[in-house]
Structures are given as C-alpha cells and as structure tokens.
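Reviewing the structure listed below.
The values are calculated or read from the model by the stated rules, or taken from the named source; none is laboratory data. Quantities reported herein were computed from a predicted structural model and do not represent experimental measurements. Here the Cβ positions follow ideal geometry from the backbone for every residue, glycine too, while neighbour counts run over all protein chains shown. Note: accessible area is taken over every heavy atom of the protein model, side chains too, but ligands, DNA and RNA are not part of it. Shrake-Rupley method; radii C 1.70, N 1.55, O 1.52, S 1.80 Å.
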Amino acid sequence: MPDFNLTAIIANIPALMIGFAFHEYAHAWAADRLGDPTPRSQGRLTLNPFVHLDLFGTIMALLFRFGWAKPVMTNPQYFRGDKERGLMLVSLAGPLTNLIIAFVAMFFWFLTMISIQASAWSDIISLMFQSIVLMNLGLGIFNLLPIPPLDGFAILGGLLPRSFAPRLQVIEQYGMIILIVLLFTDILGMVLFPVRKGLFDAFEKIITLILTPFIG
C-alpha cells in the first residue's frame with residue numbers, strides 16, 4: 001500500500017532529488033571520463049535533478065518506495081581500454097555515489113543533533129537528513145543487486161569470465177519479470193532491509209568514533 005504520510009513524503013522529496021540526481025550524474029561522469037560523449041551530448045552531465053527525474057518513477061518512489069530516474073544512455077564502444085571493465089565502472093559509479101552521500105548526510109545529521117538545541121527547526125532538519133540517509137542507502141543497495149536491468153547485473157558481468165556472457169544474456173531477457181516477482185513477493189525487502197540496517201549501523205559507529213572527541 002502507498003505511504004500517504006504527508007510529512008514523510010515532503011521530507012523524501014529533497015532526498016529523492018538528491019539521490020536520483022547524483023546517481024545518474026555519477027553514471028554520466030564516469031562514462032564521460034572513459035571517453036563516451038553520449039551523456040554530455042544529451043545534457044546528462046549535470047546535477048540538475050529535473051534533467052534526471054522521471055515523473056512517474058518519482059511518484060512511484062515517493063508513494064511506494066520503488067521508483068526510477070531517466071537512465072543515462074551510454075555507448076561502451078567509445079570506452080577507452082576494456083569495454084566490459086568500462087561498463088562495470090560506469091555501473092558501479094551510481095550506487096557507490098549513493099552510499100557516499102548517505103555517509104556524508106549521516107555525518108552532518110549527527111553533527112546537527114550535537115550542535116543545535118532541540119527545537120521544531122532541529123526536528124525538521126534532522127528528519128530531512130534522515131530521509132537523505134535512508135533514501136540513498138536504499139538506492140545504493142537496491143541498484144547493486146545482480147538483477148537486470150539494475151547496475152549490479154552489469155557489475156556482475158564485468159567480474160565474471162567472458163565465457164559466462166551467453167548465460168547472462170539469457171537471464172537479461174527475463175530481468176524485469178524476475179524483478180517484478182521479487183518486488184511483489186517482498187523477497188527483496190527481506191534482503192534489502194537487513195543490509196540497509198547493517199550499513200546504517202556501520203556508518204553510525206564510524207561517525208560516532210569521529211565525532212566523539214568533539215562531544216561535550
């Protein structure tokens with residue numbers, strides 16, 4: 001069922017815009033650095049979220065916690081060096097950027113809670129940072145799943161020997177069906193939520209260690 005909690009939806013809007021914009025920009029930047037002019041020619045080498053957002057995918061993400069942005073088009077034939085390695089790096093750039101943003105947002109979230117006295121404004125700021133953290137953790141982990149058409153499938157293809165390519169092509173044909181089945185049976189939730197909690201707890205411990213000398 002969709003989540004019609006208005007406060008949560010409002011807090012998730014900037015989180016979603018940041019998460020999707022940085023994710024797609026990271027793909028475009030990595031492809032551009034590898035020599036592919038396609039993302040730059042299509043205007044995707046920008047952090048402007050409105051360039052990257054898909055209207056229906058954004059609404060789905062806000063209401064159902066499952067959505068998508070406009071995918072960045074790339075042409076691996078332009079990549080310098082090994083094409084499979086280049087595709088793997090471009091695919092990895094998006095979810096890795098989301099995880100980095102989650103860590104940075106959590107750092108400033110905790111710093112805010114330490115520095116600002118309790119008030120209505122501090123609660124709002126805290127909620128926004130929390131939304132950015134959780135949204136980017138979710139996007140990063142979800143896109144690392146080795147299921148087509150997610151980034152994790154391309155990363156897996158770059159890691160496996162090329163002899164596996166025919167088998168991966170067969171799986172790719174049924175990727176969306178597999179993904180939809182996993183979503184509607186909540187199997188993905190059983191995997192994603194424990195992983196997200198584990199990363200959240202790990203980030204929390206690291207940031208607490210960093211901030212401990214400045215507390216008190």
Per-residue SASA entry for Ile59, accessible area with 1.4 Å probe, Å² rounded to 10:
80
In angstroms, what radius of gyration and Dmax does the chain have, counting Cα atoms only?
18.5, 60
Base-10 log of normalised Debye intensity for the stretch 1-40 (one unit scatterer per alpha-carbon) at q = 0.19, 0.26 Å⁻¹:
-0.61, -0.81
I'd like the chymotrypsin sites (Phe, Trp or Tyr not before Pro) in the stretch 1-71 restricted to DSSP loop residues with at most 11 other Cβ atoms within 10 Å, sorted by number.
Phe4
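For the chain, give the percent of accessible area contributed by carbon and sulfur heavy atoms, probe 1.4 Å, rounded to a whole number. Walk me through the numbers before you get to the answer.
Values: 8770 of 12520 Å².
Here carbon and sulfur together make up 70 percent of the probe-accessible area.
May I ask you to list the trypsin sites (Lys or Arg not before Pro) in the stretch 73-161 that are in a DSSP loop and have at most 12 other Cβ atoms within 10 Å of their Cβ? Show your work: numbers first, answer last.
On the way: sites: Arg80, Lys83, Arg85; in loops: Arg80.
When the trypsin sites (Lys or Arg not before Pro) of the stretch 73-161 are filtered for loop state and at most 12 Cβ neighbours within 10 Å, Arg80 remain.
Determine the calculated [θ] at 222 nm for the chain from helices alone, applying -39500 (n - 2.57) to every DSSP H run no shorter than 4 residues and normalising by the residue count; nearest 500 deg cm²/dmol.
Numbers: 10 runs with 156 residues, N = 216.
So the helix-based figure for the chain works out to -24000 deg cm²/dmol.
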Tell me, what is the 1.4 Å probe accessible area of Asp186, in Å² to the nearest 10?
90
Note on the chain: helices (DSSP H) long enough, at least 18 Å by alpha carbon along their axis, and hydrophobic enough, mean Kyte-Doolittle at least 1.0, are 83-115, 120-143, 187-211
Roll a 1.4 Å probe over the protein chains and send me the accessible area per residue for the chain in Å².
58
